[in-house]
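In what follows, a structure is listed as structure tokens, so that the remarks can point back to it.
The values are calculated or read from the model by the stated rules, or taken from the named source; none is laboratory data. Remember, it's a predicted structure, so these values are computed and weren't measured experimentally. All Cβ positions, glycine included, derive from the backbone under ideal geometry; neighbour counts span all protein chains shown. Note: accessible area is taken over every heavy atom of the protein model, side chains too, but ligands, DNA and RNA are not part of it. Shrake-Rupley method; radii C 1.70, N 1.55, O 1.52, S 1.80 Å.
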Amino acid sequence: MVRARVPGLVPVWVAPVAAVTLLCVAAPLLALAGRTDAATLVAAVTSPAARQALTLSLGTALTATAISCLLGFPLALALARWPTRLAALLRPFVLLPLVLPPLVSGLALLFLLGRRGPVGRWLAEAGITLPFTTTAVVIAQVFVAMPFLVVSVEGALRSKGDGHEAVAATLGARPTRIVATVTVPLVAPALRSGLLLCFARALGEFGATAMFAGNAPGTTRTMPLAIYTAFNGAGVDKDAAVALALELVVVAVLVMVASAVRSKR
């Protein structure tokens with residue numbers, strides 16, 4: 001059911017302010033598009049270095065999104081269903097990666113999982129090294145992107161309540177079956193939106209990846225790092241960097257549109 005719009009609820013000054021704000025957001029993106037040479041766009045994007053960075057970015061972002069789903073959904077369910085005080089105590093730790101500078105996130109991961117870190121030292125003794133590997137890229141992406149999924153799913157779970165699960169429990173369904181057959185379908189639109197946002201954030205991750213995984217071509221140089229490297233005089237050329245930057249913008253826009261469409265269903 002579509003709710004009828006009530007005239008006069010929006011002040012007249014909102015429209016010009018909104019137009020200026022939209023222009024402030026759109027102008028830099030339009031400037032980026034204006035710097036893209038259409039004649040060399042295909043060649044720039046398909047250059048070996050650009051394709052290598054794009055393939056690595058897509059592979060790690062998809063892996064990070066899958067891991068975030070496996071870990072983030074149970075966490076969101078716990079925050080939504082556990083006692084309010086306990087959830088309020090734990091939620092800031094979950095949301096912290098959203099507000100931390102990405103470089104700080106990368107530094108924290110390095111101190112934990114580096115050779116001298118409490119976990120990294122133990123892993124090194126077992127012959128496992130994480131920093132400056134492709135695995136480190138995935139870990140950094142999961143750390144900064146998973147909160148988007150948790151926030152989306154937890155909000156949906158709280159808004160839906162637990163009435164449907166309670167009914168299923170009274171009918172004899174076990175908790176795991178309730179989650180699989182009732183809870184997941186109930187919040188499926190929010191889960192899809194959260195996964196899309198998580199993927200977009202992982203794809204655009206830069207700071208934590210640079211600090212924890214480094215910038216090795218073919219191993220840890222994702223698209224954002226390739227763009228940064230190009231504008232510092234190394235790696236892919238500047239045309240390819242602009243093309244990759246525009247490609248990231250297009251992917252982000254498509255993800256936002258898909259998320260908005262899914263949320264309306």
If you go through segment 128-151 one residue at a time, do you hit one that is touching a helix residue (DSSP H, G or I) at 6+ places or on another chain (Cβ under 6 Å), surrounded by fewer than 18 Cβ atoms within 10 Å (Cβ to Cβ) and under 23 Å from LEU95 (Cβ atoms)?
no
Name the residue that is modelled with the lowest pLDDT, counting only residues in segment 167-185 that are open to solvent by less than 40 Å² (accessible area, probe 1.4 Å) and assigned to a helix (DSSP H, G or I).
ALA168
What about VAL119, is it closer than 22 Å to ALA53 by Cα and touching a helix residue (DSSP H, G or I) at 6+ places or on another chain (Cβ under 9 Å)?
no
Just the residues that are under 26 Å from LEU186 (Cα atoms) and either polar (S, T, N, Q) or not in a helix (DSSP H, G or I) (or both), please, taken from segment 121-160.
SER152, SER159
If I filter segment 188-199 for residues that are touching a Ser or Thr at 6+ places or on another chain (Cβ under 9 Å), free of Cβ contacts under 8 Å to residues at least 60 places away in the same chain and either open to solvent by less than 40 Å² (accessible area, probe 1.4 Å) or over 21 Å from LEU107 (Cα atoms) (or both), do I get at least one hit?
no
I'd like the full set of residues that are among the aliphatic types (A, V, I, L, M) and under 30 Å from PRO131 (Cα atoms), limited to segment 167-211.
LEU195, LEU196, LEU197, ALA200, ALA202, LEU203, ALA208, ALA210, MET211
As an exercise: evaluate ILE227 against (1) among the β-branched types (Val, Ile, Thr); (2) touching a residue at least 40 places away in the same chain (Cβ under 8 Å); (3) within 24 Å of PHE132 (Cα to Cα); (4) open to solvent by 10 Å² or more (accessible area, probe 1.4 Å) and give the number of the one condition it does not meet.
(2)
